[in-house]
Amino acid sequence: TDTEGIFKKKKKVSEINGEPLEEKVYEDGLGFVLSDKEKPRGKNVGILDKEGNVVIPFEYSNLYGIIDKKYIIAGKEDENGMTIYGLIDYKGNTVIEFGKYSSLRKLNDSLMIAAEGKSGFVGQQRYGVIDAAEKVIVPIEYGNIWNVNSKYMNVSKDLKNGVMEHNGKIVFPIESKTSISHLYDDVFAGAAGGAEASGFVINSKGEKLFEN
């Protein structure tokens with residue numbers, strides 16, 4: 001859910017062209033993202049400005065986040081009813097072709113986590129980080145990438161885990177079989193399973209602050 005909120009809502013827009021709308025739970029920098037209940041599910045999400053004018057046509061399955069304050073990650077259904085992802089500008093023009101990547105997720109205000117491979121098939125997708133111009137920040141070769149906070153992200157490859165900064169700088173090498181989770185600031189926790197479970201707390205310099 002995006003909460004850019006460049007302006008605050010001053011009135012409720014309840015209909016457009018006589019068609020009822022179901023309001024989404026968030027606002028973004030363009031206006032209000034709503035779904036038109038009179039249109040087919042999966043092709044009914046668009047954006048109104050604060051005056052109630054259509055900014056983005058109601059033809060998407062969802063809108064996932066704003067990039068560089070001028071692009072929107074969007075999803076729409078293909079002929080098989082599967083969601084395909086692309087990037088559009090504030091006028092609805094396609095910036096990144098729909099379906100080129102099997103998924104696109106917002107990482108921060110200017111970067112996206114992009115995936116290639118068969119969506120929904122475990123182990124067949126590979127993840128990396130790109131910008132709106134499709135410059136590769138982190139190669140699309142990882143088993144998974146998920147955001148931790150505004151600076152760090154967890155990365156996995158070949159069943160091993162590590163931590164990177166958003167710019168691709170490695171904080172913890174991707175060689176640990178244990179999970180690594182963010183605690184606060186530059187402090188992380190690691191845990192090993194098995195019969196004799198153990199854990200540790202470590203900072204971004206690799207210094208262990210606690211171990212058991």
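The values are calculated or read from the model by the stated rules, or taken from the named source; none is laboratory data. All figures in this text were calculated on a predicted structure; none of them were measured in a lab. Heads up, the Cβs are rebuilt from the backbone with ideal geometry, glycines too, and the neighbour counts pull from every protein chain shown. Side chains included, ligands, DNA and RNA excluded: accessible areas come from the protein's heavy atoms. Shrake-Rupley method; radii C 1.70, N 1.55, O 1.52, S 1.80 Å.
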What is the distance in Å between the Cα centres of the range 155-177 and the range 53-121?
26 Å
Write down the accessible area per residue of the range 83-176 in Å², having rolled a 1.4 Å probe over the full set of protein chains.
50 Å²
When the solvent-accessible surface of protein heavy atoms is calculated with a 1.4 angstrom probe, in what order do His182, His166 fall, highest first?
His182, His166
Surface share of carbon and sulfur [accessible, 1.4 angstrom probe, percent] for the range 65-208:
47 percent
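Would you mind checking Lys157/Lys177; Lys69/Lys151; Lys76/Lys100; Lys76/Lys135; Lys37/Lys76; Lys118/Lys151 for any pair whose Cα atoms are more than 21 angstrom apart?
Values: Lys157/Lys177 10 Å; Lys69/Lys151 19 Å; Lys76/Lys100 13 Å; Lys76/Lys135 23 Å; Lys37/Lys76 16 Å; Lys118/Lys151 28 Å.
Violating the 21 Å Cα-Cα cut-off are Lys76/Lys135; Lys118/Lys151.
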Note down the relative contact order for the range 68-212 as a percent, whole number, built from C-alpha pairs under 8 angstrom at least six residues apart.
10 percent
Order by protection proxy (mean Cβ within 10 Å, highest first), peptides 94-107, 77-90
94-107, 77-90
Heavy-atom accessible area with a 1.4 angstrom probe orders Leu48, Leu159, most exposed first, as Leu159, Leu48
